[in-house]
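Take a look at the structure below.
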Amino acid sequence: MKRRDALTLWERLYLPQIVGGLVVVIYRFWRNLTLHVLHTVGIARNLRASVTVQYPDEHKRYPDNFRGSHRLTLKEDGSVRCTACFLCATACPAHCILIEAGEHPDPSVEKFPLRYEIDTLRCIYCGMCVEACPCDAIRMDTYVHPKIWGYKRADFIETKAVLINRSKVLGERGRDALMEDLLEEYKEREEGKIPFTRT
Ligand code: SF4
Ligand code: SF4
């Protein structure tokens with residue numbers, strides 16, 4: 001019996017599909033180029049041309065429901081809320097959270113994280129860690145994506161200090177500050193003010 005999802009001979013040639021794809025790309029390219037040129041001289045403004053964002057020089061503001069990078073939330077005294085209970089690390093399907101628990105000097109607090117790290121090369125940004133936390137100690141509401149440059153794994157590990165700093169910057173300078181800082185750092189690296197190091 002013939003399988004209903006089998007490709008026909010015409011489809012298996014692939015050439016018509018390749019030609020069809022090229023026609024669409026070439027048509028779009030020339031249409032957009034022509035319209036952008038016409039728009040700059042004030043003609044055909046009612047016809048819309050495609051626009052792209054010149055990232056990283058420009059970037060679109062992320063929507064309010066954007067699931068950003070992680071942060072560790074803080075108590076009023078500035079210390080971490082996290083009690084190193086390991087629930088987030090247990091729930092994490094990518095096994096990318098590393099916690100080292102320590103005795104807290106305050107006897108009313110059982111433990112705190114001496115070390116709390118997220119390996120962003122493994123993280124799939126599913127939010128399970130946030131869901132699992134009973135203390136609201138970890139959130140993904142930073143409106144920033146993780147750092148995208150580096151030459152070694154350590155460059156992509158977000159440490160406790162990084163995760164705490166995100167909460168401070170967010171609290172002091174508002175929702176877009178972390179993204180602005182990230183783009184600023186990227187530009188400085190691109191201009192050679194901060195070197196990209198391979199060591
Ligand atoms: S977002 Fe998902 S993959 Fe990333 S650390 Fe949290 S639980 Fe793990
Ligand atoms: S972030 Fe939350 S779930 Fe993870 S160890 Fe800390 S208190 Fe537990």
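The values are calculated or read from the model by the stated rules, or taken from the named source; none is laboratory data. The model shown is predicted, which means the values in this text are computed figures rather than measured ones. Cβ: placed from backbone, ideal geometry, glycine included. Neighbour counts: every protein chain shown.
Could you list, in sequence order, the residues of the stretch 117-132 that are away from ligand 2 (no atom under 11 Å from the Cβ) and in a strand (DSSP E or B)? 117, 119 - these are the residues of the stretch 117-132 that are away from ligand 2 (no atom under 11 Å from the Cβ) and in a strand (DSSP E or B).
Within the stretch 44-74, the residues that satisfy the criterion of being closer than 27 Å to residue 172 by Cα, away from ligand 1 (no atom under 16 Å from the Cβ) and modelled with pLDDT under 95 are 55, 56, 57, 58, 59, 60, 61, 62, 63, 64.
Here residue 79 clears all of (1) of a type outside the set (Val, Ile, Thr); (2) farther than 21 Å from residue 177 by Cα; (3) exposed (fewer than 15 other Cβ atoms within 10 Å of the Cβ); (4) within 16 Å of ligand 1 (Cβ to nearest atom) except the condition numbered (4).
All of (1) at pLDDT 95 or above; (2) surrounded by 11 or more Cβ atoms within 10 Å (Cβ to Cβ) hold for residue 124 with one exception: (2).
What pairs come up if the first residue lies in the stretch 74-99 and is under 14 Å from residue 139 (Cα atoms), the second is within 11 Å of ligand 1 (Cβ to nearest atom) and part of a loop (DSSP other than H, G, I, E, B), and their beta carbons are under 6 Å apart, counting only those six or more places apart or on different chains? Cβ pairs passing all conditions: 88/133. Quick check on the stretch 136-163: of everything there that is within 16 Å of ligand 2 (Cβ to nearest atom), within 21 Å of residue 90 (Cα to Cα) and hydrophobic (A, V, I, L, M, F, W, C), which residue is surrounded by the fewest Cβ atoms within 10 Å (Cβ to Cβ)? Restricting to residues being within 16 Å of ligand 2 (Cβ to nearest atom), within 21 Å of residue 90 (Cα to Cα) and hydrophobic (A, V, I, L, M, F, W, C), the top hit is 140.
Rundown of residues vs (1) over 17 Å from the mean Cα position of the chain (by Cα); (2) surrounded by 17 or more Cβ atoms within 10 Å (Cβ to Cβ); (3) more than 15 Å from ligand 2 (Cβ to nearest atom); (4) among the β-branched types (Val, Ile, Thr), yes/no style:
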site	(1), (2), (3), (4)
64	no, no, yes, no
73	yes, yes, no, yes
85	yes, yes, no, no
88	yes, yes, no, no
92	yes, yes, no, no
95	yes, no, no, no
107	yes, no, yes, no
115	yes, no, no, no
134	yes, no, no, no
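Among residues that are under 30 Å from residue 172 (Cβ atoms) and touching a strand residue (DSSP E or B) at 6+ places or on another chain (Cβ under 7 Å), residue 78 is not included. Scanning the stretch 46-62 for residues that are more than 30 Å from residue 180 (Cα to Cα) and surrounded by 10 or more Cβ atoms within 10 Å (Cβ to Cβ) gives a single hit, 47.
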